[in-house]
Amino acid sequence: MKQIVISAMPEELCMAIVDEENRLVDYMVERPDEEHIANHIFKGTIKNVLPGMQAAFLDIGRSDNAYLNLQSGKQSQLLQKLFVGQHLLVQVVKEEMLGKGARVTSDISLAGRFMVLLPYAKGIHISKKIKDPLMREQLAVIAEPYLNKGCGLILRTAASKATPDEVAADMEFLWHTWQSIHNRFSIAKGGTCLYTDADFWYRIFREHVTADVSTIIVDDPVGFKRISELLALTKLDDYISLQLYTDKEPIYKAYQVDEQIESLTNTEVTLPSGGTLRIDHTEALTVIDVNSSSFVGQSKSAEDLAVAVNTEAAKEICRQLRLRDIGGIIVCDFIDMRQEKHKKDILRVLTRLAKEDKSKTVVCGISSLGLVEMTRKRKRQGLQTILFDTCPQCGGTGYIFSGKTVYLQILRKLRDMYKLGRLKSDIEIECHPDVAIYFTKEVCKKLSIELQKSIFITKSKTMNREAYSLLSIGH
């Protein structure tokens, strides 16, 4: 059984899920002062239609226009010719990030505790995890009246544990919510938010309180009260133990997950065998490199060693994708294996674990270069985006010019100025100590003769290594 451990303060809310072995299996961070719009529904105004891209850009009241793909989504494909100024009801499926506007869809969905309402769809879809034929039939009967209203429903796994009245009440609530959104759309101005997703506490309850959760520990009285109300409302308080943590020791340290959480910011992950994963993020994709490192194994076969490390790495990769909420294109460079059987085994492990992820994860296969390609859907900003800013020193590249490179840039700049006749007086060069070290007395003497001006060097530890100043000194 799993435990949900929540650390809350007014400025930041953190949720960790640990298994029986106290191993971190899921993690989420949210900051209330940072607005999140995933799953929010807006009345958008079309600002641009690009037939060649089969896309439209809409003003939803944000700084950047939202992107609507007209090739994906049943409702989007049903839309006829769009025109600038037209109003559309759209839902955010991906947050704004990296200077890009939000991605939206016209396929609206409203998630409840036991089901998802699909206003523009038809039919009943029941979770595959509900295998009892009688239960599936009972749920279909409960949903039948709402199908007659012209909508579709997805019945979630949690519905199998609910009473018919609870399921019916959830459907009724979602249907009235949809009616309210539809009515507001007709009178609201373009760019208005018509519906916001549930708060942090309810989303934890909706998405993470499953049949395999036995305990919820919260260190915040307000959060404790909110979770307590939700458990009582759904009659789960008899099955799940709720505890208010009041000890002085930090909650994550007490439950021995603080080091596991801190490791999520590292680019290198150590595998139990001694192998390692190297995780590098770029704007375009995430690259994961698998290395055997200190692992030598007991077999003398390089193939056996590769299989052992790769199998372990495949399991850890799926775990890290979930913990760090990595989305988009993911490329994994496993240790080379010669036998096709072993390659297929690794793909099978990845595929099996990907199905357990709440976010849609697809294992695309092995490319001609021997790289495993994957995609993972991400609605919200990943842990990397939440916790880090772009480095002001390197601009996000991970590299800055060496001291010698900057030294040579300064020499080139001074010689160009001399040729243009712009050196009218002696020069003081202010630069970082890593650069100043190359301006030896001999170098400065030769440069003074070459430029016919005296050269003085000033070191500045507070200066960016790539920055420098050329100051004119009057006679």
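The values are calculated or read from the model by the stated rules, or taken from the named source; none is laboratory data. Everything numeric here is computed off the predicted structure, so don't read it as measured data. With ideal geometry, Cβ positions are generated from the backbone for all residues, glycine too; neighbour counts draw on all protein chains shown. Ligands, DNA and RNA are stripped out before the accessible areas are found, and what is left, the full protein with its side chains, is counted by its heavy atoms. Shrake-Rupley method; radii C 1.70, N 1.55, O 1.52, S 1.80 Å.
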Query raised in the report: Rounded to the nearest 5, what is the percent of antiparallel bridges among the DSSP beta bridges in the chain?
Result: 70 percent
Query raised in the report: For the range 40-107, what is the relative contact order in percent, using Cα pairs closer than 8 Å and at least 6 residues apart in sequence?
Result: 35 percent
Report task. Return one whole number: the accessible area per residue of the chain in Å², for a 1.4 Å probe. Result -> 55 Å²
Requested in this report: Enumerate the lysines that LYS225 could reach by cross-link, defined here as Cα to Cα under 19 Å, with residues fewer than 8 away along the same chain left out.
Outcome: LYS235
Query raised in the report: Two-decimal Rg/Rh of the range 403-473 from alpha-carbon positions, Kirkwood Rh?
Result: 0.93
Query raised in the report: At what distance in nm do the modelled label points of VAL25 and CYS391 sit from each other, each positioned 7 Å from its Cα along Cα→Cβ?
Result: 3.6 nm
Report task. Determine, for each peptide in 368-377, 412-421, 273-282, the mean count of other beta carbons within 10 angstrom over its residues, then list the peptides with the highest first. Result -> 273-282, 368-377, 412-421
Query raised in the report: Within straight cross-link reach of LYS413, meaning Cα distance under 27 Å, which lysines are found once same-chain residues fewer than 8 apart are removed?
Result: LYS404, LYS424, LYS441, LYS445, LYS446, LYS453, LYS459, LYS461
**Report entry** the range 267-387 - percent of accessible surface contributed by carbon and sulfur, probe 1.4 Å
**Finding:** 50 percent
Query - Placed amide H near ASP26: partners under 5 Å, 5+ positions off or other chain - result: ILE17
**Report entry** Residues MET97 and ILE437, FRET efficiency given R0 of 45 Å [Cβ-Cβ distance, rounded to 0.05]
**Finding:** 0.65
Report summary line: Interchain or sequence-distant (5+) residues whose placed amide H lies within less than 5 Å of the amide H of PHE401 are none
**Report entry** Spin-label model distance (nm) - MET1 vs ALA302, 7 Å beyond Cα toward Cβ
**Finding:** 5.0 nm
Requested in this report: Grab the DSSP H runs of the chain that are 4 residues or longer, score each as -39,500 (n - 2.57), total them, divide by all residues and round the 222 nm result to the nearest 500 deg cm²/dmol.
Outcome: -9500 deg cm²/dmol
Report summary line: Using eta = 1.567 mPa s and T = 4 °C, Stokes-Einstein with Kirkwood Rh from Cα pairs puts D for the range 201-295, in µm² s⁻¹, at 78 µm²/s
Query raised in the report: For ASP199 and ALA168 in the same chain, what is the full-extension length gain: residue separation times 0.36 nm, less their Cα-Cα distance, in nm?
Result: 8.9 nm
**Report entry** Derived scalar couplings ³J(HN,Hα) [the range 3-20; Karplus, 6.51 cos²θ - 1.76 cosθ + 1.60; whole Hz; x for Gly, Pro]
**Finding:** 10, 9, 10, 10, 10, 10, 9, x, 8, 7, 10, 10, 10, 10, 10, 10, 8, 4
Report summary line: In order over the range 315-331: 3J(HN,Hα) from phi, Karplus 6.51/-1.76/1.60, θ = phi - 60°, whole Hz, x for each Gly or Pro, gives 5, 6, 4, 4, 5, 5, 4, 6, 5, 8, 6, 7, x, x, 7, 10, 10
Report summary line: Taking 335-342, 403-410 and ranking on average Cβ neighbours within 10 Å, highest first, one gets 403-410, 335-342
Query raised in the report: DSSP beta bridges in the range 267-387, what fraction antiparallel, as a percent rounded to 5?
Result: 80 percent
Query raised in the report: Using bins 20 angstrom wide from zero, how does P(r) for the chain break down, in % of all Cα pairs?
Result: 18, 42, 28, 10, 1
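From the P(r) of the range 40-107, can you give the percent of Cα pairs sitting at distances over 13 Å?
Here the tail beyond 13 Å accounts for 59 percent of pairs.
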Requested in this report: Estimate the FRET efficiency between THR157 and ASP333 by the formula 1/(1 + (r/R0)^6), using the beta-carbon distance for r and 45 Å for R0, to the nearest 0.05.
Outcome: 0.80
Report summary line: Length gained, ALA188-THR282, 0.36 nm per residue minus C-alpha separation, equals 29.9 nm
Report task. Filter the cross-link list LYS2/LYS341; LYS94/LYS122; LYS248/LYS377 down to pairs whose alpha-carbon distance in this structure exceeds 29 Å. Result -> LYS2/LYS341; LYS248/LYS377
Report summary line: Given 215-228, 44-57, 312-325, the highest-first ranking by average Cβ count within 10 Å works out to 312-325, 215-228, 44-57
**Report entry** the range 82-166: antiparallel DSSP beta bridges as a percent of all, rounded to 5
**Finding:** 70 percent
Report task. Take the eigenvalues of the Cα gyration tensor for the range 174-237, scale each by 5, and report the square roots as semi-axes in whole Å, largest first. Result -> 32, 13, 10
Requested in this report: Per residue of the range 194-204, in order, report the coupling 6.51 cos²θ - 1.76 cosθ + 1.60 (Karplus, θ = phi - 60°) as ³J(HN,Hα) in whole Hz, putting x for Gly and Pro.
Outcome: 9, 7, 10, 5, 5, 6, 3, 5, 5, 5, 4
Query raised in the report: Separation between the GLN54 and GLU262 pseudo-spin-labels, each 7 Å from Cα along Cα→Cβ, expressed in nm?
Result: 5.0 nm
Query raised in the report: Can you list residues whose amide H is under 5 Å from SER241's amide H, if they're 5+ apart or on another chain and H is modeled 1.01 Å from N?
Result: THR215, ILE216
